[in-house]
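Shown next, in structure tokens, is the structure this report addresses.
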Number of protein chains: 2
Amino acid sequence: MESETRTEIIEATNRALCEHGYADLTMQRIATESSMTTAAIHYHFDTKEELLNAFLDDLIERFERKLCCEASDPRERLNEFLDAVFTPSDPTTDDFSVAIMELKAQAPYHDPFRERFLDLDEVMRGVVAEIVEDGIETGYFEETDPDEVARLVTTILNGAHARTVALGEPSDETRQVLEHTIEPHLGWTPGSEVIA
Amino acid sequence: MESETRTEIIEATNRALCEHGYADLTMQRIATESSMTTAAIHYHFDTKEELLNAFLDDLIERFERKLCCEASDPRERLNEFLDAVFTPSDPTTDDFSVAIMELKAQAPYHDPFRERFLDLDEVMRGVVAEIVEDGIETGYFEETDPDEVARLVTTILNGAHARTVALGEPSDETRQVLEHTIEPHLGWTPGSEVIA
């Protein structure tokens, strides 16, 4: 399939999912959000599940690109990671967070969704563990278990996501909880200015 | 309404919700799970939303009762709290966790759901803050900010819930993350034996 067609279908899926939610997502609604017919979409994706798998793959890919930052200082990289996970990337983010929450709730019934959420979790844990490891090596962070910190960070991020959706908690409040929590592990305050 | 009737309807809602999920929950399916007709259920609850509000009220009430423990030692109370939140109360818990996740995803569109999740969060934070406060007063825990620890605990619990549903992560793994995280705040290891 041409990459442009794929991108168009996935973007239409994103919009339809945010607007109607998982339960009311239909091929017709995805078609309405695109310039294509349902038959044309069906030609590329047999089922709604296949389409949502592609949507999640795309999400993970974009997330990985967002996390590739230029900084070499591990403190800057940690700040940029937190900016990336806590800063809305576009104005539809509220609906988007809800859509992801709905897909998470479907994971027990759709193995391909679960696999993708496990992938995303591994990517995130990997990035954090690497930053922490570099921070210890370069002497900016205290001795600590990078995998344990990574696991703590992702668990709190999962909690932050749920709290944004269910409670409407502002993300800067949960960001603060996260920063305070990992500070004693690192011996450095995330979010603080980095002086080389 | 008689309390027995209310209990029967709410229990039927619970079963129907766990079996069919939020999107496919209908008054008919709730009636099928009970000994009542849809007309009889409608007589007590006008809409599906009203019924789910009552279901969430009942959930919070049961949760509060579960948290009322007999122990006076704050360390024991913390252990009992963690047992209560991490131990499945019945074999349908998996589906139940998923159902709650679905309702959380609906909170942005249903204010009464959001209010109830905010209530539940307040109850949990209150219980944890009180235990920590008592622990500091009695000298079992180190000086720390009880509200901050309570906030951290509930955020990690929200993350634990999402990880159970989306990733299938065993709850004892997230419990360990939580215990390790609050240990330095309290100067005591949750889950360890309490010697008076």
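The values are calculated or read from the model by the stated rules, or taken from the named source; none is laboratory data. Note that the structure is predicted; figures quoted are calculated from it, not measured. Counting neighbours? That spans all protein chains shown, and the Cβs are built from the backbone with ideal geometry, glycine included. Surface areas here come from the heavy atoms of the whole protein model, side chains and all, with no ligands, DNA or RNA. Shrake-Rupley method; radii C 1.70, N 1.55, O 1.52, S 1.80 Å.
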Exercise for the section: Name the single residue, out of those in region B:106-134 being at pLDDT below 95 and over 18 Å from B:ILE60 (Cβ atoms), that is nearest to the other protein chains (Cβ to nearest Cβ). Expected result: B:PRO108
Handout entry: Filtered residues of region B:32-42 (kept if exposed (fewer than 15 other Cβ atoms within 10 Å of the Cβ) and in a loop (DSSP other than H, G, I, E, B))
Key = B:SER35, B:THR37
Exercise for the section: State whether the residues of region A:76-90 include one that is among the hydroxyl-bearing types (Ser, Thr, Tyr), touching a residue at least 12 places away in the same chain (Cβ under 8 Å) and not assigned by TED's automatic domain parsing to the domain that holds A:ALA162. Expected result: no
Handout entry: Subset of region A:100-130 [under 19 Å from A:CYS68 (Cα atoms) and among the charged types (D, E, K, R)]
Key = A:ASP119, A:ASP121, A:GLU122, A:ARG125, A:GLU130
Problem - Residues located in region A:11-38, provided they are under 23 Å from B:ASP24 (Cα atoms), free of Cβ contacts under 8 Å to residues at least 24 places away in the same chain and among the polar types (S, T, N, Q) - result: A:THR26, A:GLN28
Practice task
Using the structure shown, decide if B:GLU137 is farther than 24 Å from A:PHE113 by Cβ, at pLDDT below 95 and of a type in the set (D, E, K, R).
Solution key: no
Problem - Scan of region B:1-23 for residues that are more than 23 Å from the chain's Cα centre (by Cα) and either at pLDDT 90 or above or closer than 24 Å to A:PRO108 by Cα (or both), ordered by number - result: B:THR5
Practice task
Note down all Cβ pairs under 6 Å where the first residue falls in region A:43-67 and is crowded, with 17+ Cβ neighbours inside 10 Å, the second is of a type in the set (Lys, Arg), and they're at least six residues apart or on different chains.
Solution key: A:LEU56/A:ARG116
Handout entry: Which listed residue, of A:THR154, A:THR164, is under 20 Å from A:LEU78 (Cα atoms) and crowded, with 20+ Cβ neighbours inside 10 Å
Key = A:THR154
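Here is a yes/no grid of residues against (1) touching a Leu at 6+ places or on another chain (Cβ under 8 Å); (2) under 30 Å from A:GLY191 (Cα atoms); (3) of a type in the set (Ser, Thr, Tyr):
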{"position": "A:SER35", "(1), (2), (3)": "no, no, yes"}
{"position": "A:ALA39", "(1), (2), (3)": "no, no, no"}
{"position": "A:HIS42", "(1), (2), (3)": "no, no, no"}
{"position": "A:LEU52", "(1), (2), (3)": "yes, no, no"}
{"position": "A:ASN79", "(1), (2), (3)": "no, yes, no"}
{"position": "A:ALA99", "(1), (2), (3)": "yes, yes, no"}
{"position": "A:LEU103", "(1), (2), (3)": "yes, no, no"}
{"position": "A:ARG125", "(1), (2), (3)": "no, yes, no"}
Practice task
Please determine, by comparing only the residues of region B:151-173 that are in contact (Cβ under 8 Å) with a residue 40 or more places away in the chain and among the hydroxyl-bearing types (Ser, Thr, Tyr), which one is nearest to the other protein chains (Cβ to nearest Cβ).
Solution key: B:THR164
Handout entry: Scan of region A:176-187 for residues that are in contact (Cβ under 8 Å) with a residue 40 or more places away in the chain, within 11 Å of chain B (Cβ to nearest Cβ) and under 19 Å from the mean Cα position of the chain (by Cα), ordered by number
Key = A:LEU178
Practice task
Scan region A:55-84 residue by residue and report those that are at pLDDT 90 or above and either hydrophobic (A, V, I, L, M, F, W, C) or in a loop (DSSP other than H, G, I, E, B) (or both).
Solution key: A:PHE55, A:LEU56, A:ASP73, A:LEU78, A:PHE81, A:LEU82
Problem - Scan of region A:11-31 for residues that are more than 14 Å from every other protein chain (Cβ to nearest Cβ), under 18 Å from A:LEU59 (Cβ atoms) and open to solvent by 10 Å² or more (accessible area, probe 1.4 Å), ordered by number - result: A:GLU11, A:ASN14, A:ARG15
Practice task
Would you check which residues across region A:123-171 are in contact with a Ser or Thr (Cβ under 8 Å, 6 or more places away or on another chain) and hydrophobic (A, V, I, L, M, F, W, C) and list them?
Solution key: A:MET124, A:VAL128, A:VAL132, A:ILE136, A:LEU152, A:ILE156, A:ALA160, A:VAL165
Handout entry: Test result for A:PRO190, at negative phi and without any contact (Cβ under 8 Å) to a residue 24 or more places away in the chain
Key = no
Handout entry: Residues (within 13 Å of chain A (Cβ to nearest Cβ) and at pLDDT 85 or above) located in region B:86-105
Key = B:SER97, B:VAL98, B:ALA99, B:ILE100, B:MET101, B:GLU102, B:LEU103, B:LYS104, B:ALA105
Practice task
Filter region B:98-144 down to residues that are small (Gly, Ala, Ser) and open to solvent by 20 Å² or more (accessible area, probe 1.4 Å) and give me whichever is farthest from the chain's Cα centre (by Cα).
Solution key: B:GLY139
